[in-house]
Amino acid sequence: MSVAILIDVTKCVGCEECVLACKEENDLGPDRLRPGQQAVDGLSATRYSTILRYPDDHFVRQQCRHCLEPACVSACLVGAMRKTPEGPVVYDSDLCMGCRYCLVACPYGIPRYEWDEAAPLVRKCTLCSHRIEEGRVPACVEACPEDALLFGDRAALLSEARRRIAENPGSYLDHVYGEKEVGGTSVLYLSDISLGFLGWAENLGEGGLPHLTHAALKKVPGIVLGMGSLMGGIYWVINRRMKLAARSAEGGQGHE
């Protein structure tokens, strides 16, 4: 069974109980403010999810979408990013080499990097995969007092989303965000406003992105080998010239 979260934007009141529950569950600590900043309202290494505030009392939760065909996983050279059979995309810091290709590959710009740490790691929502393995729901879902978040089987949540749209004409856009975009996601949205600002651009299409990242990354070994050969060749030429110059200098001294 592939699990997912359905987020109903029309039910969110912006209380941020889900954000606080996420921070507590993952031991993220307080937000780190930049000079002059009063509050953090975006994703960060200490905030895996956040609530974006828009006019007319619209509050939109932002978090990792846990793509069905995650570009971050295909971009990772060492397998530090991994898609689990249940749905969550998880991260293994022990394998990470800090290349940050996952940050570039994500079509939604989700992963964050610990720029202020001596040994920085990539940080993002894991859909509380540890709780799911224990048969529990994600902490954010459990904490929501307005039932704006639903957790369950992805197919069942899609059916629920379509039911709400059909039974409440005019209350929702006739679209389930995350159903098909870039191959589909495990975090789905119902909304009465366009969510293009979350990264759902029309030009993303419905096809998965891993084939694009693979096309670029498969060239990396060749580039590395090519650069290695080039640098080795340059070193050999320079070293040979230095030896010839030394021999020439020694020969000159012998004739004196």
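Values as computed for the structure displayed
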item	result
Among Cys18, Gly42, Ala161 the positive-end extreme of the charge dipole of region 3-210 (Cβ point charges)	Gly42
Region 3-210: radius of gyration over Cα atoms, expressed as a fraction of 2.2 N^0.38 Å	0.99
Charge tally in the Cβ shell below 9 Å around Ala80, where Lys, Arg are +1 and Asp, Glu are -1, Ala80 excluded	-1
Exposure proxy ranking, count of Cβ atoms within 10 Å, fewest first, for Ser49, Ser159	Ser159, Ser49
DSSP-assigned coil residues among chymotrypsin sites (Phe, Trp or Tyr not before Pro) in region 88-162, each with at most 14 further Cβ atoms within 10 Å	Trp115
Fewest-first ranking of Leu103, Leu157, using other Cβ atoms within 10 Å as the exposure measure	Leu103, Leu157
Sequence of Met81, Met1 once ranked by neighbouring C-beta atoms within 10 Å, starting from the fewest	Met1, Met81
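Bear in mind these aren't lab numbers, they're just calculated from the coordinates by the rules spelled out. Treat the numbers as computed from the prediction; the structure is a model and nothing was measured. When we count neighbours, we look across all protein chains shown, and the Cβ atoms used for this are built from the backbone with ideal geometry, even at glycine.
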